[in-house]
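Okay, structure first, notes after.
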Amino acid sequence: MTISKDLFLAILSMDAYNRGYGAGITDNGNDDPDGLGVSTDTQDYFIGNAKIIDSKGDAEAQAAGFYAIAYEIEDGAGITGLSTGDTVISYRGTGAMAQPSQAG
Amino acid sequence: MSTLTGRPRVISGHHSTDRPKSLSLVLAALVATSLALAGCGSQVGEWHQKLTVTVETPDGIKTGSSVMAIKKHANDSQFRLPDARAAWTSVRAEAVVVEVAPGRYLFALVSNAGSIAQNSFPIDRDALPYEQEVAAVQGMTGVHRVPRDAYPRLVTFANVNAPQSVGRVDPDNLAASFGPGYRLVSITLEITDEPITEGRMEEVLGWLKDLEGGYLHGGFTSRGAPLGLTGLDFARHKQ
């Protein structure tokens with residue numbers, strides 16, 4: 001089964017809100033803020049065919065209310081319009097959630 | 001400049017009348033008030049919590065504690081669009097550190113400090129509005145075990161002076177990190193009036209202050225940073 005590029009990019013754009021500091025969806029799990037059974041923004045974890053390769057959520061980013069995460073497409077055959085090796089960057093700016101001391 | 005005559009006038013291309021001008025002022029005030037209300041987040045509650053880690057070692061029981069300050073905020077103004085409403089947590093905390101052997105330390109990070117109370121205390125979160133949930137946490141008494149799935153992240157350093165030597169510690173297998181005879185006995189949490197713990201992290205991790213909340217490898221992003229950790233996972237001094 002293949003999905004469209006637009007749909008997959010939409011999923012990844014939402015994924016940025018549920019990883020790293022101030023993740024919107026949290027559960028009881030250790031290192032599992034999105035409830036999907038994977039870690040936060042640790043490298044080499046996957047969402048679908050996208051592997052997390054980088055992120056920006058340190059104190060500097062938090063002070064600006066910014067968070068970004070980068071993925072690399074591991075298998076473009078499943079996504080129409082994306083190719084293996086493509087890099088996708090998803091980012092958010094969250095005013096109220098931009099507390100520099102936020103956690104949990 | 002407009003004059004008030006009670007008749008509509010066109011001034012600089014704008015249609016102006018007495019009533020519309022008054023109405024405009026009222027509307028402007030309402031909009032300003034709405035925006036002000038919409039932009040304000042209110043503090044729902046705050047507390048101090050004491051997290052304690054107890055470890056069995058070949059030399060006996062070792063414990064470490066850290067008192068953390070938690071503040072819960074919400075912005076659920078009816079003037080905000082539903083998607084723009086939010087609740088968030090601010091934390092002032094240091095990791096718990098246990099010196100399990102001379103020069104060997106176990107750290108329980110602060111990454112989930114803002115939610116650990118709600119996940120550890122016997123509170124029916126689904127049945128309570130957010131404000132009551134926070135109030136229930138504030139009123140909690142006694143020492144409670146943190147459930148396994150709410151444990152903070154545990155790490156150690158092969159060399160405490162080398163941030164990149166950090167490694168994950170399996171709470172179910174401390175021996176893998178520290179050797180035979182080491183076992184995690186418990187992680188507990190209690191609400192307390194004690195002052196927050198400050199300065200202990202910088203004592204143990206001499207490099208932490210210079211890191212200024214950045215990634216442990218000193219890079220701009222997390223790529224190559226061990227475990228993706230930043231200095232904020234060990235200490236958050238602002239709230």
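Since every read-out is calculated from the coordinates, none of them should be taken as a lab result. Quantities reported herein were computed from a predicted structural model and do not represent experimental measurements. Don't worry about glycine lacking a Cβ; one is built from the backbone with ideal geometry, like all the others, and counts go over all protein chains shown.
Overview of values
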item: Per-pair calculated FRET efficiency, R0 = 45 Å: A:Thr2 and B:Asp210 via Cβ, rounded to 0.05; result: 0.40
item: Eligible aspartates and glutamates near B:Lys72 by straight Cα distance, threshold 13 Å, same-chain separation 8 or greater; result: B:Glu46, B:Glu131, B:Glu133
item: Gain upon complete extension [B:Asp193, B:Asp126; 0.36 nm per residue less C-alpha separation]; result: 21.4 nm
item: 25 Å Cα-Cα reach of B:Lys62 towards lysines, excluding residues that sit fewer than 8 places from it in its own chain; result: B:Lys50
item: Point-to-point label distance, B:Ala158-A:Ile89, nm (Cα→Cβ direction, 7 Å offset); result: 3.3 nm
item: Cα Rg, Dmax (largest Cα-Cα span) when computed across region B:59-190, Å; result: 17.8, 60
item: Label-point separation, B:Lys238 to A:Lys51 (7 Å along Cα→Cβ), nm; result: 3.5 nm
item: Relative intensity, log₁₀ I(q)/I(0), of region B:184-239 from a Debye sum that treats every alpha carbon as a point, q = 0.12, 0.21, 0.28 Å⁻¹; result: -0.39, -0.88, -1.10
item: Lysines whose Cα lies under 30 Å from that of A:Lys5, excluding same-chain neighbours fewer than 8 positions away; result: A:Lys51, A:Lys56
item: Neighbouring partner chain Cβ atoms per residue of B:89-96, average, 10 Å criterion; result: 3
